[in-house]
Every structure is written in C-alpha cells, then in structure tokens.
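Asks: Input: one structure, supplied below.
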Amino acid sequence: MQLPDQKDWPILKEMMAERDRGAALIGAGFVEAKLKDAMETCLRNDADTFNQMFKPGGPIGELGNKALLAYMLGLIRKETKEDFKLIGLIRNRFAHRPEPTDFEEQAIKGWCKELGLFDRVWGMVPPEGRPPKPTEPRDLYLETISLAANWLHHQATHPGIFRNRDDLPF
C-alpha cells in the first residue's frame, strides 16, 4: 500500500485493521477528504464560501459531486471519476445495510472488480517492478483508496502541475 503522506499513516493503519464495513467507510471518507484538499488549491481563497459549498448537504457535499467537480477542474480523469462513483456505491452499501455485509457480497464484489485505477497504474509500471495485483475485492478496494489518496495528495501539494494530464492514470 502506498502512503500519501506520513501524517496519514494512522488513518491508513486504522483502515487496514478494521473489519470490512469499517474499512469501506474509513477508506471512502479518507479519499473524499483528500479530494476536497486537492480542489481547495484550485478555488478562490474564501473559507466561508468553500465551507458552505463543501459541507454535508451543500452543493458539493457528496463524494459524487466532488468527483464531478474534480474532473471538470482537470484534477482526475473520466475513468477515475467513475472509480469514485463506485467507491461511493460501496460505501453506501456498507453504510445503509443493517445486516452483516462484507466485500464478498455479490454487488460489492462486482463494484470492486470494476475499479480500474489499480490496473491503469499497474499497466504503466515495467513488468519487473510491478507489485502483485490484488485478487480479493477488499484488497483491490484498499489499494484503489491508497493510490487515489496518494495522487490527490500530490495534487494538493503541487497545484497545477498535474492538471489535465490524460497521459497519467489518474
């Protein structure tokens, strides 16, 4: 798993230690926070308006709306926008299902298999340097979270450098 920043290690460690429901919820929340940080570097410096727009229930308060805006700002590719949509579906399935649920549940497993970020990154790495490809839905979800968070961290700390780069896998 890639570390986006040393200060993020405690949350990633907690995510890895959690059972499936906790890992899914923490992971989606973590990526959503990183997405918000990356977008903040592209927008006008107006904390009140930013907080109003990004608060829960605000116009950009939902993960899906954040992904749409990030795509339009050139922070992520169309395929990554779709990955974030899947992450939102997975999170919502865990969050709103009162019965026991895990990554092996048919719908969740299918959504995890549709996540394409790992494959896009994996395909850019020379074969001798490739990490093993995750085969389990949980592992693929967690690797996708890690890769996305790492990319968004770079977007937030190096604004503008990686924007509108369709040659990159993110």
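Asks: Search segment 72-87 for residues that are within 16 Å of Lys109 (Cα to Cα) and pair each with any residue that is crowded, with 24+ Cβ neighbours inside 10 Å and β-branched (Val, Ile, Thr) when their beta-carbon atoms are under 9 Å apart and the residues are at least 6 apart or on different chains.
Replies: As it stands, the answer is Asp83/Ile76; Asp83/Thr144; Phe84/Val31; Phe84/Ile76; Leu86/Thr144; Ile87/Val31; Ile87/Thr144; Ile87/Ile145, since those pairs meet every condition given.
Asks: Hey, another quick one. Listed residues Lys109, Lys113; which is at pLDDT 95 or above and exposed (fewer than 12 other Cβ atoms within 10 Å of the Cβ)?
Replies: From the options Lys109, Lys113, the qualifying one is Lys113.
Asks: Let me ask something else about it. Could you tell me whether segment 92-103 includes any residue that is of a type in the set (Phe, Trp, Tyr), surrounded by 15 or more Cβ atoms within 10 Å (Cβ to Cβ), assigned to a loop (DSSP other than H, G, I, E, B) and modelled with pLDDT of 95 or more?
Replies: yes
Asks: Within segment 53-60, identify whether any single residue is of a type outside the set (Lys, Arg), surrounded by 13 or more Cβ atoms within 10 Å (Cβ to Cβ), over 14 Å from the mean Cα position of the chain (by Cα) and outside any loop (DSSP other than H, G, I, E, B), and answer yes or no.
Replies: Among the residues of segment 53-60, at least one is of a type outside the set (Lys, Arg), surrounded by 13 or more Cβ atoms within 10 Å (Cβ to Cβ), over 14 Å from the mean Cα position of the chain (by Cα) and outside any loop (DSSP other than H, G, I, E, B), which makes the answer yes.
Asks: When you scan segment 111-128, how many residues do you find that are part of a loop (DSSP other than H, G, I, E, B) and either closer than 20 Å to Arg93 by Cβ or not aliphatic (A, V, I, L, M) (or both)?
Replies: The number of residues fulfilling the criteria is 4.
Asks: What are the residue pairs meeting all of these: first residue in segment 52-66, first residue closer than 18 Å to Ala28 by Cβ, second residue of a type in the set (Gly, Ala, Ser), Cβ atoms under 8 Å, and 6 or more apart or on different chains?
Replies: Within 8 Å, the pairs are Phe54/Gly61; Lys55/Gly61; Glu62/Gly88; Leu63/Ala28; Leu63/Gly88; Gly64/Gly88.
Asks: Based on what the data block shows, is Leu68 surrounded by fewer than 19 Cβ atoms within 10 Å (Cβ to Cβ), within 16 Å of Glu143 (Cα to Cα) and either modelled with pLDDT under 95 or not basic (Lys, Arg) (or both)?
Replies: The answer is no for Leu68.
The values are calculated or read from the model by the stated rules, or taken from the named source; none is laboratory data. What you are looking at is a predicted structure, and each value in this text was computed from that prediction instead of being measured. Here the Cβ is made from the backbone with ideal geometry for all residues, glycine too, and neighbour counts use every protein chain on show.
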